[in-house]
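Enquirer: Here you go, one structure.
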């Protein structure tokens, strides 16, 4: 009969494995460590009559040792990440998940949550018309750019918020739900407190820069779980790949949707101070995972990192240690100063200003990520593919349910062009001294001054920051707006 080794021997073996792997020159691969646990660790320990009992007793020390290994390879500026099982709340992976961070546009997940709760409580309906106020119209890009007085139903506004990440529509939703922005922000913060998001505070509904707008990866995962389980009937709202207004198609900034098998939500975010944020979900079989990435250096980096995290989380080997994994609620929020990513993502040697739509390859996005196992692709790009569309672009419209308006009426008309001066003529003294109004750029959701986005003449390419332009003869809006709702997610 084999004997069970004492607990201190188990821990000593776990730390021995950690030391052995930390001494390697190359980055420690998580899969190598786990396989060493199951092979070398088992060789050094006398097995028990119950294999499960040995694994369970060993798991706590292994997780602690594994944390030491990861800590050895984490740079000081490493971005917070978190991977959680949606149904159990068990943490598969986390790194600085309690560190304070600017949420940027992932703020809109709380905006949508509060709005859905208001509908459930009968305070308004999805077809409730809401009018664009001067404050909503004044919000900086990313935005729909509708003029003051335009009417949008709550349902259409929510789709524009989640797909286009429209800051003006998030403001419109807040005013429509609570009557005023201070009242809505107070409701956001009360909801965060009720859910246990102890490291989160909101100042606005869209995530535009504010030094007091703060959250953590832990808190965002709590919010994602609340959305999943409090509003399961709305799951399709968070996985819409594109919306269509007239003939203009606007694609979702979440590049996992229709590219990573099983991806089904939720929201991206970006301001210069936060870097590229992402709260994403994916389902495989009966298992749904939530990944939170804060402070990635590009849109591509966050997408590829999330794909790698999901792929790892779906591996069956993780079930061995599931019982010993900590719960999400057990992760403490650390407090302290908020790391500012501005110099890294919006300054320095960048040729162009970073934006929410940035999807340029980042040389650090794959090679510096050391958590993939040898059995998995070493690059998140290898996990991404062009999948058949999960649903066609979802039509949205302006106006009420029973009085759909020509979307061209939602925009201010272009100013008349000035006639060209005749050759050899001297310019007017006034125009010579002031010149034309300068054209100013502006990053999406960056907080910098920006003009109204250019309005395209046709379909907008994936990730375009442009706002739809009035068309002389737009395609007619659907007669039955309810038919525009996304189709239910197919069973998997």
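Enquirer: Taking the beta-carbon count within 10 Å as an exposure proxy, list 215, 281 from fewest neighbours to most.
Expert: Final ranking by Cβ density, sparse to dense: 281, 215.
Enquirer: Residue 381 to residue 135: extension gain in nm, 0.36 nm per residue of separation minus the Cα-Cα distance?
Expert: Working it through step by step, the gained length comes to 84.5 nm.
Enquirer: How long is the gain from residue 117 to residue 148 if the chain were fully straight, where each residue apart is worth 0.36 nm and the alpha carbon distance is subtracted?
Expert: 8.5 nm
Enquirer: Figure the gain on full extension for residue 88 and residue 190 (residue separation times 0.36 nm, minus the Cα-Cα span) and round it to one decimal in nm. If you can, show how the numbers build up before the last one.
Expert: Values: separation 102, 0.36 × 102 = 36.72 nm, distance 2.46 nm.
Full extension from residue 88 to residue 190 adds 34.3 nm.
Enquirer: OK, next. First measure r as the distance between the Cβ atoms of residue 125 and residue 403, then evaluate 1/(1 + (r/R0)^6) with R0 = 25 Å and state the FRET efficiency to the nearest 0.05.
Expert: Efficiency, from the Cβ-Cβ distance: 0.95.
Enquirer: Right, here's the next one. Can you sort 230, 194, 201 by how many other beta carbons sit within 10 Å, fewest first?
Expert: 194, 230, 201
Enquirer: Can you give me the three principal axis dimensions of the stretch 81-395 from its C-alpha atoms, in Å, biggest first?
Expert: Sorted largest first, the three principal extents are 57, 42, 41 Å.
Enquirer: Pop a pseudo-label 7 angstrom from the Cα along the beta-carbon direction at both residue 338 and residue 212 and give the gap in nm to one decimal.
Expert: For residue 338 paired with residue 212, the spin-label model returns 1.1 nm.
No value in this document is a laboratory result; all are computed from the given coordinates. These numbers come from a predicted model, not from an experiment. No Cβ is skipped: glycine too gets one built from the backbone with ideal geometry, and neighbour counts run over all protein chains shown.
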